[in-house]
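The values are calculated or read from the model by the stated rules, or taken from the named source; none is laboratory data. It should be emphasised that the depicted structure is a prediction, and the values quoted were computed from it without experimental measurement. All Cβ positions, glycine included, derive from the backbone under ideal geometry; neighbour counts span all protein chains shown.
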Amino acid sequence: MKISVALALAVLLPAVSWGSGFYKCNIGGRTVYQASPCPAGTGGEVDLQPISSMSGTAPAAAPRPRSEGAMPPTSAITRAPAAATASTYDSNTWYRGAAGYQAAMRESERTGAPVFVYFYVDWCGYCKKFDAAVLPDAQVQKKLRGFIKVRVNPEHGPEEDRLFSYMGGRGFPHVLAGDSKSSMVKLNLGNYKPAGTLASLDRVLKARRRKETRR
């Protein structure tokens, strides 16, 4: 049975607990959310559990099924010649969507600045908590001024959805940092408190400095 995203969220979210199954399916060319498993080959379960631990890499579980095919966006794997490693990037600007991600990676190549990518959806309670409790924090904002920042909602288009899958996304929020010269690292959000995000960003910057000193 086909259901719209808005109807699915209005009906299912109040009734589904955080520990129960919740599925994203591609039915008849449309993305729908439902409490029952998707028909075979049309989607998979969405992880809505809070992030409480950090491995430093993408999740070890099986990749989220991709409704748009297995190949990532071409722009996501194309690398321009490396820029100087030193960065003086200082901005509070946020890029948006898959096109914004592409622009951010080009800016990283040009400036040498690291990239901060935040995948979210409008109905995600943990995303709202991250937006309200972490991103407005003065120290977090100061730290992020040195990162080229991107917000991506996978529900805004097929390119955004493919990028989410390519970047190892299985649940929300899905937050990564890194640069165009290395793999992006999934961040530990520290139970959605500023201190956890700041510590994760510091680890990314420290790893970058170690790479630069080895050159």
*Any residue at all in segment 149-156 that is in contact with a His (Cβ under 8 Å, 6 or more places away or on another chain), closer than 23 Å to Gly44 by Cα and crowded, with 20+ Cβ neighbours inside 10 Å?*
no
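Quick grid of which residues meet (1) part of a helix (DSSP H, G or I); (2) aliphatic (A, V, I, L, M); (3) outside the structural domain of Leu187 (by TED's automatic domain parsing):
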{"residue": "Ala103", "(1), (2), (3)": "yes, yes, no"}
{"residue": "Val117", "(1), (2), (3)": "no, yes, no"}
{"residue": "Trp123", "(1), (2), (3)": "no, no, no"}
{"residue": "Cys127", "(1), (2), (3)": "yes, no, no"}
{"residue": "Ala132", "(1), (2), (3)": "yes, yes, no"}
{"residue": "Pro136", "(1), (2), (3)": "no, no, no"}
{"residue": "Lys142", "(1), (2), (3)": "yes, no, no"}
_Condition broken by Arg162, with the remaining ones in (1) of a type in the set (D, E, K, R); (2) assigned to a helix (DSSP H, G or I); (3) over 19 Å from Tyr23 (Cα atoms) satisfied_ = (3)
*Inspect segment 102-119 for any residue being of a type outside the set (S, T, N, Q), touching a Lys or Arg at 6+ places or on another chain (Cβ under 6 Å) and buried (at least 17 other Cβ atoms within 10 Å of the Cβ) and give the result as yes or no.*
yes
*Restricting attention to segment 143-157, does a residue exist that is on the phi < 0 side of the Ramachandran plot, at pLDDT below 95 and among the polar types (S, T, N, Q)?*
no
*Please give the number of the condition Ser67 fails out of (1) hydroxyl-bearing (Ser, Thr, Tyr); (2) more than 14 Å from the chain's Cα centre (by Cα); (3) modelled with pLDDT of 95 or more.*
(3)
